[in-house]
1. Of the residues Thr31, Thr25, which single one is at pLDDT below 90, closer than 30 Å to Leu159 by Cα, assigned to a helix (DSSP H, G or I) and not acidic (Asp, Glu)?
2. Which condition number in (1) open to solvent by 10 Å² or more (accessible area, probe 1.4 Å); (2) without any contact (Cβ under 8 Å) to a residue 60 or more places away in the chain; (3) not charged (D, E, K, R) is the one that Ala212 fails?
3. Within the stretch 23-48, count every residue that is under 21 Å from Met185 (Cβ atoms) and open to solvent by 50 Å² or more (accessible area, probe 1.4 Å).
4. Exactly one of (1) closer than 20 Å to Leu28 by Cα; (2) at pLDDT 90 or above is unmet by Ala242. Its number?
5. Among the β-branched types (Val, Ile, Thr), within 20 Å of Val165 (Cβ to Cβ) and in a helix (DSSP H, G or I): is that true of Val101 in this structure?
6. Conditions first: (1) open to solvent by 80 Å² or more (accessible area, probe 1.4 Å); (2) without any contact (Cβ under 8 Å) to a residue 40 or more places away in the chain. Ala256 passes all but one, so which condition is the exception?
7. Please give the number of the condition Ile85 fails out of (1) of a type outside the set (Ser, Thr, Tyr); (2) assigned to a helix (DSSP H, G or I); (3) within 26 Å of Val200 (Cβ to Cβ).
8. Tell me yes or no: at least one residue of the stretch 104-124 is buried (at least 20 other Cβ atoms within 10 Å of the Cβ), touching a residue at least 24 places away in the same chain (Cβ under 8 Å) and touching an Asp or Glu at 6+ places or on another chain (Cβ under 6 Å).
Amino acid sequence: MNNSNNMATVRRSAAVWWLGIRPQTLTLALTPVVVGSALAWSEGAAIHALAFLGALLCAALIQVGTNLLNDAGDAARGGDGPERIGPTRITAAGLASAAQVRRAAVASFATALLVGGYLVYIGGSVILLIGLASLAAGYAYSAGRRPISHSPWGEAFVLAFFGVVAVAGSYYLQGRSAVEPAIVMAGLALGCHAAAVLLVNNIRDSVADARAGRTTLALRLGPQLARQLYRLLLLAPFPLLAAAFGVRALGVAWLALPVCLWLAWRFGKMPADAAMNTQLARTALVQVLLGG
């Protein structure tokens, strides 16, 4: 009986932490690493498998740490109250204490730092700067006196670090000595979709965010302009990628275009309620399709 109870407790605990790390967002961190590495390989770079796996792990760990800090920080600031319409947050729901969630976030960042030591050994000072900047940004997103997530700069942060920095850094790590403009444009393209995911989140939470005193971009723009920006972020990657690599070179990435058009049309008619949770998840998945 005790073994059965212990196993049930372990399963419940695992389910809580799985909810806390927000696995549906991890593709936003992993896809740019895959794309940046694949672009380097397509240009003749030798495949450095351990560096690739290390970059994937670091990206995932920084994303997890950022998500957990956001969970604890938002609960402490009263942003995830009972009226929340987004997915459950484990601190606000009482499934874990703020101290536990913060410790888990620190453990995730610390593990990323350890793995990053190997990447610095491979890639040198450039990778060190990228890694430290990514860790600092992950912390600043939800922590400190003025978290990035509470400001109008959240989407710009996501576009930069989940787009340009991740793609260019992964490309460089695979042995490329210089980052060409086309690589930067590929990063911008993926970053646009990552920023669109955050914008959906902030449009959905605009009422609660305004009550909590936040000044997100969605609140600054208002509902109509914010939805127009979402459409722009969804569709901008296609001319960016076509200009960088040519229309024919995009291949299966063009399959994402009709999906993006459908998501853009659907979002224009969608109320700012729980239906946006599905829109958010689909926007994250279409980035994977674009990266293919």
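1. Thr25
2. For Ala212, the exception is condition (2).
3. So in the stretch 23-48, the residues under 21 Å from Met185 (Cβ atoms) come out as 27-45.
Subsequent filtering for residues that are open to solvent by 50 Å² or more (accessible area, probe 1.4 Å) retains 30, 34, 41-44.
Here the count works out to 6.
4. Here Ala242 meets the rest and fails (1).
5. On the way: among the β-branched types (Val, Ile, Thr): yes; within 20 Å of Val165 (Cβ to Cβ): no; in a helix (DSSP H, G or I): yes.
No; evaluated as a whole, the condition is false for this residue.
6. So the condition that Ala256 fails would be (1).
7. Just one mismatch for Ile85, condition (2).
8. no
The values are calculated or read from the model by the stated rules, or taken from the named source; none is laboratory data. Just so you know, these numbers come straight off a predicted model, no measurement behind them. Heads up, the Cβs are rebuilt from the backbone with ideal geometry, glycines too, and the neighbour counts pull from every protein chain shown. When the accessible area is computed, the model is the full protein with side chains, heavy atoms only, and any ligands, DNA or RNA have been set aside. Shrake-Rupley method; radii C 1.70, N 1.55, O 1.52, S 1.80 Å.
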